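Here is the structure we will look at, set down as structure tokens.
We did not get these values from a lab; they are worked out from the coordinates using the rules stated. Just so we're clear, the structure is a prediction, and the values are computed from it rather than from any experiment. Please note: Cβ atoms are built from the backbone with ideal geometry, for glycine as well, and neighbour counts cover all protein chains shown.
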Amino acid sequence: MNKSTLALAVAVGVMAQQAGAAGFLEDSKASISSRTMYYDADMREGASTPANRQRETAEGLKFDYLSGFTQGTVGFGIDAQAVMGIHLDGGKGHHPTGNSNSFFPSDGKEAADEWSRLDGNVKARFSKTEAHLGGALAPNLPILIANDSRVLPQTFEGGTITSKEIDNVTFNFGQLEHASGRASSNSTGLSVAGATQDSNKFLYGGADWKVTKDLLLQYYYANLEDFYKQNFLGLVHVYPIAANQSFKTDIRYFDSSSDGKNGDPGFRFNNNNGFAKTPGEIDNKTWSAMFTYTLGGNAFLIGHQRVNDDGGFVFLNQGNLVDGNGNPEGAGGASFYSFTDATVGSFIRAGENTTFGQYSYDFASLGVPGLKASIAYLNGQDIKATNGVGKDLSEHETDARIDYVIQTGALKGFGTTLRHGTYRGNTSTLDQDQTRLIFNYTYSFM
């Protein structure tokens, strides 16, 4: 039993004595979610073999229970989460070899038939401040985003504090120690791409300041011990032009540097398989600016991102961790706070200048609520050659997406998503066409 599950068990015993307290039960919420995904990654280069086309289907089931808080100056509560993944199709020949696949757990030859895990958090509330401690944390912050792009979500273990004691300001603090991958039944330490060793200390803190109803300013600091330190500055402004028109500005800046053992064997960052001024070490500044004009159901987005020449953009990524026997942990799958976190590519290597655009339409304007569609294009240029002296590299990707959520009737809330990405370039990322078909449904009990 891991620490978070043990903490949950103890909390259940304590809370049972106060279960009758108003708020603990009355404000409780319970739901079960189902996600079915078909995933097709067709590699367009290399040997023409079945292994170059990954085609798999899985079902993810997730049960969530969120209690309210007990009465009193300090209120207490519990959250519980149980998840199970079921492999429906995609055996030998269409499943990546090794255990690095981040769609299903693997024994090195075939995908596991099923996998599951149970986690939970204890929580406390004082005034307008909440603290959560456990292994079912899912941060959504500029310096860390829990990945949820396959059938089961990535979760983190540690403690977080969110405070809104000052009007219009939200403070976020935390220390995380472990992560459970989206295709894993166990947890690992925290790391970066390319590193085989981990850390059990990711500290962060920052604030979102709602200066006016249209202007948001952000600052966050994060430190993954023995890997990196990172500062983030953000500005989001929405200018209302008319009742159905607006212009949004979104500016982001990251400054990341090496920490502790970073650069030593096992603690080396692969710089996203790109150039690094000092190989293995983290040294990066990345900025991006996005502008979105909305008119009725139409939204036009254009933006640019610049990664400096010294190294690639860094974020938490456990994909290269190994166990005590030197075998891959299979903890891949990570997200980061950028528009360029696309269907296939990431566009975050040293020197890369990426221009991107997107058009989306909400069909509610035509009387079809729940139906949305978008198409995006990203073009990355000036990528420094890995050796630092070769010809600059480039990459580009086109993504299309359609979403529909049933609005009424017995299947209200049932959602369907179809995504397709076409990636081409001369980087270490293989040219590929990727398709995902996803069905989502959540049933709330209370």
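Taking the Cα centre of region 250-403 as origin, work out the dipole magnitude from +1 charges on Lys and Arg Cβ and -1 charges on Asp and Glu Cβ, in debye rounded to 20. Show your work: numbers first, answer last.
Values: 11 positive and 19 negative charges, 38 e Å.
Computed charge dipole of region 250-403: roughly 180 debye.
Applying the Karplus parametrisation 6.51 cos²θ - 1.76 cosθ + 1.60 with θ = phi - 60° to the phi angles of region 393-403, what ³J(HN,Hα) value in whole Hz is obtained for each residue in order, glycine and proline being reported as x?
Karplus-based 3J(HN,Hα) across region 393-403 equals 9, 8, 7, 8, 8, 10, 10, 10, 8, 10, 10 Hz.
Before anything else, pin down the relative contact order of the chain: Cα pairs under 8 Å, at least 6 apart, normalised by residue count, whole percent. Show your work: numbers first, answer last.
Working: 1301 pairs, mean separation 58.8, N = 446.
Averaging sequence separation for qualifying contacts and normalising by length gives 13 percent for the chain.
For region 142-247, run through the GluC sites (Glu not before Pro) and keep only the ones in DSSP coil with at most 13 other Cβ atoms within 10 Å of their Cβ. Don't jump to the answer; show the numbers that get you there.
Details: sites: GLU157, GLU165, GLU177, GLU225; in loops: GLU165, GLU225.
Passing both the DSSP loop test and the Cβ count: GLU165.
Using every Cα-Cα pair within region 285-422, state what percent have a distance larger than 23 Å.
Values: 4813 of 9453 pairs.
In whole percent, the share of Cα-Cα pairs in region 285-422 beyond 23 Å is 51.
Which of these, ASN272, ASN379, ASN168, has the largest mean-square fluctuation under a Gaussian network model of the chain (Cα springs below 10 Å)?
Residue with maximal mean-square fluctuation among ASN272, ASN379, ASN168: ASN168.
Show the residues, 5+ positions off or on another chain, whose built amide H is closer than 5 Å to the amide H of GLN432.
Correct list: ARG44, TYR423.
Wrap a convex hull around the Cα atoms of region 342-416, take a quarter of its surface area, and give that in square nanometres.
Values: hull surface 24.2 nm².
Computing the convex hull of the Cα atoms and averaging its projections yields 6.0 nm².
Compute the distribution of all C-alpha to C-alpha distances in the chain, in bins of 20 Å from 0, and list the percent of pairs in each, rounded to whole numbers.
In whole percents, the pair-distance histogram is 22, 60, 18, 0.
Determine the relative contact order of region 273-413: mean sequence separation of Cα pairs under 8 Å and six or more apart, normalised by residue count, in whole percent. The partial results should precede the final answer.
Working: 301 pairs, mean separation 31.0, N = 141.
Computed over region 273-413, the figure is 22 percent.
Report the Cα centroid-to-centroid distance between region 334-373 and region 251-297 in angstrom, as an integer.
19 Å
Would you compute, from DSSP H runs of 4+ residues alone, the mean residue ellipticity of the chain at 222 nm, taking -39500 (n - 2.57) per run and dividing by the full residue count, rounded to the nearest 500? Spell out each step's value before the answer.
On the way: 1 runs with 14 residues, N = 446.
Result for the chain, helices only: -1000 deg cm²/dmol.
Would you mind putting 199-207, 317-325 in packing order, based on average other-beta-carbon counts within 10 Å, highest first?
On the way: 199-207: 19.0, 317-325: 17.4.
Answer by packing, highest mean first, reads 199-207, 317-325.
Whole Å is fine, so just give me how far the alpha carbon centre of region 115-156 lies from that of region 414-429.
Each part's Cα centre sits 27 Å from the other's.
Would you calculate the volume per residue, in Å³, of the smallest convex hull containing every Cα atom of region 211-282?
Numbers: hull volume 8.3 nm³, N = 72.
Per residue, the Cα convex hull of region 211-282 comes to 115 Å³.
In whole Hz, what ³J(HN,Hα) sequence does region 121-133 give by Karplus (6.51, -1.76, 1.60; θ = phi - 60°), x for Gly and Pro?
After applying 6.51 cos²θ - 1.76 cosθ + 1.60, I find 10, 9, 9, 9, 9, 10, 6, 10, 10, 10, 10, 10, 9 Hz.
Give the long-range amide H neighbours of SER185: residues separated by 5 or more places, or on another chain, with amide H under 5 Å away, using H modelled in the peptide plane at 1.01 Å from N.
Close amide H contacts, sequence-distant or interchain: none at all.
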